[in-house]
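Enquirer: Below you'll find the structure I mean.
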Amino acid sequence: QLFIINKSGGLIFYQDLSKNAPRLSSNDSLRLGSTFHSLHVIAAQVAPVVSSGIVRLESTDFTLRCLQTLTGVKFVLTAKPDTANLITVLQSVYELYTDYVVKNPFYELDMPIRCELFSTHLEKLVNSTN
């Protein structure tokens with residue numbers, strides 16, 4: 001699953017990237033996005049060393065990776081524990097985001113992403129990594 005969270009903690013994009021991923025309702029995905037944002041901020045504040053927040057969570061059931069940009073946008077990806085190169089995939093998603101969302105003259109920052117070119121290229125990326 002891919003979550004893109006704006007700097008205020010609002011979920012601006014969510015997509016299941018695998019047919020095996022659990023299906024979330026729109027309310028559940030919004031709740032998870034804002035909860036992760038809050039935990040990310042808390043982790044950065046209470047860490048005993050300088051920290052940028054949660055970057056990786058690993059369990060026996062799943063792995064979560066987070067890429068936070070300099071503008072505060074978070075790209076969060078969940079996958080099976082043995083999935084390799086998640087950070088590379090996140091960086092590729094970020095490149096797609098900058099190319100097809102941020103550079104889109106009709107897109108307003110921090111608003112939900114509804115860009116067909118982004119979705120099309122994201123699907124191609126997912127298909128190439130599976």
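Enquirer: Out of region 8-21, which residues are outside any strand (DSSP E or B) and surrounded by 10 or more Cβ atoms within 10 Å (Cβ to Cβ)?
Expert: Residues of region 8-21 that are outside any strand (DSSP E or B), as a first pass: 8-10, 16-21.
Hits for region 8-21 are Ser8, Gly9, Gly10, Asp16, Leu17, Ser18, Ala21.
Enquirer: Here is a list of conditions, (1) open to solvent by 30 Å² or more (accessible area, probe 1.4 Å); (2) within 28 Å of Cys115 (Cα to Cα); (3) in contact with a Gly (Cβ under 9 Å, 6 or more places away or on another chain), and Cys66 meets all of them except one; can you say which number that is?
Expert: For Cys66, the failing item is (1).
Enquirer: Which residue, of Phe36, Phe13, Phe62, is more than 23 Å from His121 (Cα to Cα) and under 12 Å from the mean Cα position of the chain (by Cα)?
Expert: Working: Phe13 fails: more than 23 Å from His121 (Cα to Cα); Phe62 fails: under 12 Å from the mean Cα position of the chain (by Cα).
Exactly one of Phe36, Phe13, Phe62 is more than 23 Å from His121 (Cα to Cα) and under 12 Å from the mean Cα position of the chain (by Cα), namely Phe36.
Enquirer: Under 8 Å by Cβ, and 6 or more places apart or on different chains, what pairs join a residue from region 89-101 that is more than 22 Å from Arg56 (Cα to Cα) with one that is open to solvent by less than 70 Å² (accessible area, probe 1.4 Å) and not in a helix (DSSP H, G or I)?
Expert: From region 89-101, the pairs are Tyr100/Cys115; Val101/Tyr107; Val101/Ile113; Val101/Cys115.
Enquirer: Given Pro105, Pro81, which one is open to solvent by 80 Å² or more (accessible area, probe 1.4 Å), farther than 15 Å from Ile4 by Cα and free of Cβ contacts under 8 Å to residues at least 40 places away in the same chain? Walk me through it before giving the result.
Expert: Values: Pro81 fails: open to solvent by 80 Å² or more (accessible area, probe 1.4 Å).
None of the others qualify; the one that does is Pro105.
Enquirer: Also, I was wondering about something else. With the structure loaded, tell me whether Ser128 is of a type in the set (S, T, N, Q) and under 15 Å from the mean Cα position of the chain (by Cα) or whether it fails that test. Walk me through how you get there before you give the answer.
Expert: Working: of a type in the set (S, T, N, Q): yes; under 15 Å from the mean Cα position of the chain (by Cα): no.
Judged against the criteria, Ser128 is not a match.
Enquirer: Related question: Here is a check on your reading of the model: is Ser29 outside any strand (DSSP E or B) and open to solvent by 30 Å² or more (accessible area, probe 1.4 Å)?
Expert: Working: outside any strand (DSSP E or B): yes; open to solvent by 30 Å² or more (accessible area, probe 1.4 Å): no.
For Ser29, the condition - outside any strand (DSSP E or B) and open to solvent by 30 Å² or more (accessible area, probe 1.4 Å) - is not met.
Enquirer: Starting from residues that are polar (S, T, N, Q) and in a helix (DSSP H, G or I), keep the ones in region 32-53 and report whichever is most open to solvent (accessible area, probe 1.4 Å). Can you show your working first?
Expert: We begin by selecting, within region 32-53, every residue polar (S, T, N, Q); these are 34-35, 38, 45, 51-52.
Among the residues that remain, those that are also in a helix (DSSP H, G or I) are: 34-35, 38, 45.
Values: Ser34: 48, Thr35: 67, Ser38: 57, Gln45: 141 Å².
Checking each candidate, the answer is Gln45.
The values are calculated or read from the model by the stated rules, or taken from the named source; none is laboratory data. From a predicted model like this one, the values you see are computed outputs, not experimental measurements. Glycine gets a Cβ as well: all are built from the backbone with ideal geometry, and neighbour counts include every protein chain shown. Side chains are part of the model used for accessible areas, which takes the heavy atoms of the whole protein and leaves out ligands, DNA and RNA. Shrake-Rupley method; radii C 1.70, N 1.55, O 1.52, S 1.80 Å.
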